[in-house]
Amino acid sequence: MSGLAWDAERRQATELCRIVCESAAVTVSAFPTGNGMRLQLVSERSGASTLLDATVLEALCHLTPGDAAEIVRARTEDRRPPGDAGDGAR
């Protein structure tokens, strides 16, 4: 096979680490693609995964703690059961 062609069978993630806290566990791996290396994140709880390239990682480096908290807050609100306003009222 030509060095220019991408061999999909050789594409294997290399696990780098596992990040765990009281509410989440994520496996972090390096994942080669035809367009270069990506960081693969896999949620152990939900099985959801994403591949992040250097451009996305660079943008994440500029998040303030408040920006990061807002992303978590928005994602948490997406998972609320229907009818749950999140304000503690019943």
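Here is how the numbers come out for the structure above:
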quantity: Within the stretch 37-60, tally of residues that are assigned to a strand (DSSP E or B), over 14 Å from Thr14 (Cα atoms) and not hydroxyl-bearing (Ser, Thr, Tyr); calculated: 1
quantity: Residue in the stretch 44-76 that is surrounded by the most Cβ atoms within 10 Å (Cβ to Cβ), counting only those that are among the polar types (S, T, N, Q) and in contact with a strand residue (DSSP E or B) (Cβ under 6 Å, 6 or more places away or on another chain); calculated: Ser49
quantity: Selection from the stretch 62-71 of residues that are in a helix (DSSP H, G or I) and either over 27 Å from Met37 (Cβ atoms) or more than 14 Å from the chain's Cα centre (by Cα) (or both); calculated: Pro65, Gly66, Asp67, Ala69, Glu70
quantity: Top-ranked residue of the stretch 38-71 - restricted to ones that are at pLDDT 95 or above and among the β-branched types (Val, Ile, Thr), ranked as farthest from Cys21 (Cα to Cα); calculated: Thr55
quantity: Members of the stretch 21-36 that are assigned to a strand (DSSP E or B) and either touching a helix residue (DSSP H, G or I) at 6+ places or on another chain (Cβ under 7 Å) or touching a residue at least 12 places away in the same chain (Cβ under 8 Å) (or both); calculated: Ala24, Ala25, Val26, Thr27, Val28, Ser29, Ala30, Phe31, Pro32, Thr33, Gly36
quantity: Which numbered condition Ala74 misses (of (1) modelled with pLDDT of 95 or more; (2) over 11 Å from the mean Cα position of the chain (by Cα)); calculated: (1)
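The values are calculated or read from the model by the stated rules, or taken from the named source; none is laboratory data. Just so it is clear, the model here is predicted, and its values are computed rather than measured. We place every Cβ from the backbone using ideal geometry, glycine too, and count neighbours over all the protein chains shown.
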